[in-house]
1. Yes or no: Glu241 of a type in the set (D, E, K, R) and within 21 Å of the chain's Cα centre (by Cα)?
2. Given the criteria within 16 Å of ligand 2 (Cβ to nearest atom), of a type in the set (Ser, Thr, Tyr) and out of contact with any Asp or Glu (no Cβ under 7 Å at 6 or more places or on another chain), does Thr33 qualify?
3. Does Ile118 satisfy the criteria of being part of a helix (DSSP H, G or I), more than 14 Å from Asn299 (Cβ to Cβ) and of a type outside the set (S, T, N, Q)?
4. Assess whether Leu19 counts as being surrounded by 14 or more Cβ atoms within 10 Å (Cβ to Cβ), assigned to a loop (DSSP other than H, G, I, E, B) and modelled with pLDDT of 95 or more.
5. Only one of Leu129, Leu134, Leu159, Leu104 is more than 16 Å from ligand 1 (Cβ to nearest atom) and within 15 Å of Pro255 (Cβ to Cβ); which?
6. Working carefully through the options Leu5, Leu87, Leu112, find the one that is touching a strand residue (DSSP E or B) at 6+ places or on another chain (Cβ under 8 Å), part of a loop (DSSP other than H, G, I, E, B) and at pLDDT 95 or above.
7. Evaluate the following for Val41: is it within 14 Å of ligand 2 (Cβ to nearest atom), touching a Phe, Trp or Tyr at 6+ places or on another chain (Cβ under 9 Å) and over 19 Å from Ile250 (Cα atoms)?
8. Say whether the condition of being among the aliphatic types (A, V, I, L, M), touching a residue at least 40 places away in the same chain (Cβ under 8 Å), part of a loop (DSSP other than H, G, I, E, B) and within 15 Å of ligand 2 (Cβ to nearest atom) is met by at least one residue in region 64-75.
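The values are calculated or read from the model by the stated rules, or taken from the named source; none is laboratory data. The structure presented is a predicted model; accordingly, all values stated were derived computationally and were not measured. All Cβ positions, glycine included, derive from the backbone under ideal geometry; neighbour counts span all protein chains shown.
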Amino acid sequence: MHRILIDTDPGVDDALAILLAMKSPEIRVEALTTVSGNVYVDQATDNLLRILGLLDLSEFPIVAKGEAQPLVKPLVKAEHVHGEDGLGNISKLYMSDGNPRYPLAKCDISQLSGVDLILEMVDRYPDELVLVALGPLTNISKAIQKDREHMQKLKSIVLMGGVFSEYGNVTTTAEFNVFVDPHAAHDVFNSGVPVHIAPLDVTHQVALTGERLNTEVQGRTDIISRFLKESTQACMEFYSEHVGFYGLHIHDALPIGMLTHPHFFQSVEAYVQVETEGNLTSGMTVADLRRERRIDNPNASVCVEVDSDAFLNYFLNRILHKQI
Ligand code: RIB
Ligand code: CA
């Protein structure tokens with residue numbers, strides 16, 4: 001069983017990842033921390049409570065609000081992809097009785113900062129806690145800066161971020177999470193903690209099309225089915241215009257799958273660096289992933305292949321059919 005803390009900037013694909021994790025018996029989500037990224041951290045925290053409100057939970061993971069600004073760079077958000085509220089504007093949906101369609105979970109927000117909750121959870125589960133990072137790495141970097149030694153007790157960091165052998169999704173060379181806070185990504189890759197990366201090179205191999213989703217939720221009236229339909233629509237429309245298909249890449253779900261179904265994935269050891277200053281290349285992740293290039297100083301394992309059909313089937317089955 002994997003004991004995890006999820007650091008997140010929900011975000012439509014973050015929501016899918018969180019639901020997948022919460023519905024996976026191989027995983028216990030001990031805590032979640034939010035960070036500015038797709039949307040500002042206050043909105044991200046509201047969104048997290050809305051996502052947890054979808055689940056019939058008898059007990060909640062600990063939730064803490066994290067950092068609002070990247071370490072150095074000005075904040076760049078992605079409402080144009082995820083909708084104004086970051087969840088396809090589902091926060092604006094109301095039922096006929098006037099109540100919100102997707103209410104916030106009645107879950108307290110910790111008094112601790114996101115950074116301090118990360119350090120607290122490492123202390124509580126030394127050598128066991130896995131940190132799953134689904135947004136810019138600001139919280140994790142600040143926890144490393146605050147107590148580098150303590151963070152060595154993390155079992156590992158599994159993150160969605162970076163791109164190596166194809167174009168970026170923010171600039172030609174940079175993926176969003178690393179682009180927003182390249183200095184934080186540099187700190188994480190050089191932290192000494194085992195790092196596993198799901199870059200765009202692999203997340204782009206998994207596409208949830210509108211057609212497939214419609215097939216899966218056809219005739220279903222449960223709240224998860226409704227949420228999947230309604231929260232992903234704005235994102236799918238963005239993809240239809242700017243990516244070339246009506247659907248979305250479920251980027252953030254892959255790190256969860258790397259924990260529950262590692263046999264779906266193939267990774268290579270690499271020495272990963274981050275460009276923090278380039279005018280044209282800020283946020284670029286640089287590594288030689290050629291298998292024939294043996295290296296003696298790897299700082300990360302980079303996922304390069306996924307059995308996309310098997311992963312998508314597992315994802316949909318888990319998120320839609322297995323109730324917790
Ligand atoms: O580049 C994709 C990543 O950026 C995902 O985590 C998405 O949610 C955004 O945060
Ligand atoms: Ca994210």
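1. On the way: of a type in the set (D, E, K, R): yes; within 21 Å of the chain's Cα centre (by Cα): no.
It is false that Glu241 is of a type in the set (D, E, K, R) and within 21 Å of the chain's Cα centre (by Cα).
2. Numbers: within 16 Å of ligand 2 (Cβ to nearest atom): yes; of a type in the set (Ser, Thr, Tyr): yes; out of contact with any Asp or Glu (no Cβ under 7 Å at 6 or more places or on another chain): no.
Taking the combined requirement at face value, the residue does not satisfy it.
3. Values: part of a helix (DSSP H, G or I): yes; more than 14 Å from Asn299 (Cβ to Cβ): yes; of a type outside the set (S, T, N, Q): yes.
Considered against the rule, which asks whether it is part of a helix (DSSP H, G or I), more than 14 Å from Asn299 (Cβ to Cβ) and of a type outside the set (S, T, N, Q), Ile118 comes out as yes.
4. Values: surrounded by 14 or more Cβ atoms within 10 Å (Cβ to Cβ): yes; assigned to a loop (DSSP other than H, G, I, E, B): no; modelled with pLDDT of 95 or more: yes.
When the stated conditions are applied, Leu19 does not pass them.
5. Working: Leu134 fails: more than 16 Å from ligand 1 (Cβ to nearest atom); Leu159 fails: more than 16 Å from ligand 1 (Cβ to nearest atom); Leu104 fails: within 15 Å of Pro255 (Cβ to Cβ).
Result of the check over Leu129, Leu134, Leu159, Leu104: Leu129.
6. On the way: Leu5 fails: part of a loop (DSSP other than H, G, I, E, B); Leu87 fails: touching a strand residue (DSSP E or B) at 6+ places or on another chain (Cβ under 8 Å).
Exactly one residue qualifies, and that residue is Leu112.
7. On the way: within 14 Å of ligand 2 (Cβ to nearest atom): yes; touching a Phe, Trp or Tyr at 6+ places or on another chain (Cβ under 9 Å): no; over 19 Å from Ile250 (Cα atoms): yes.
No: the conditions fail for Val41.
8. Restricting attention to region 64-75, the residues satisfying the condition of being among the aliphatic types (A, V, I, L, M) are 64, 68, 71-72, 75.
Of the ones still in play, those that are also touching a residue at least 40 places away in the same chain (Cβ under 8 Å) are 64, 71-72, 75.
Keeping just the survivors that are part of a loop (DSSP other than H, G, I, E, B) gives 71-72, 75.
Restricting the remaining residues to those that are within 15 Å of ligand 2 (Cβ to nearest atom) gives 75.
Within region 64-75 (the criterion being among the aliphatic types (A, V, I, L, M), touching a residue at least 40 places away in the same chain (Cβ under 8 Å), part of a loop (DSSP other than H, G, I, E, B) and within 15 Å of ligand 2 (Cβ to nearest atom)), the answer is yes, since at least one residue qualifies.
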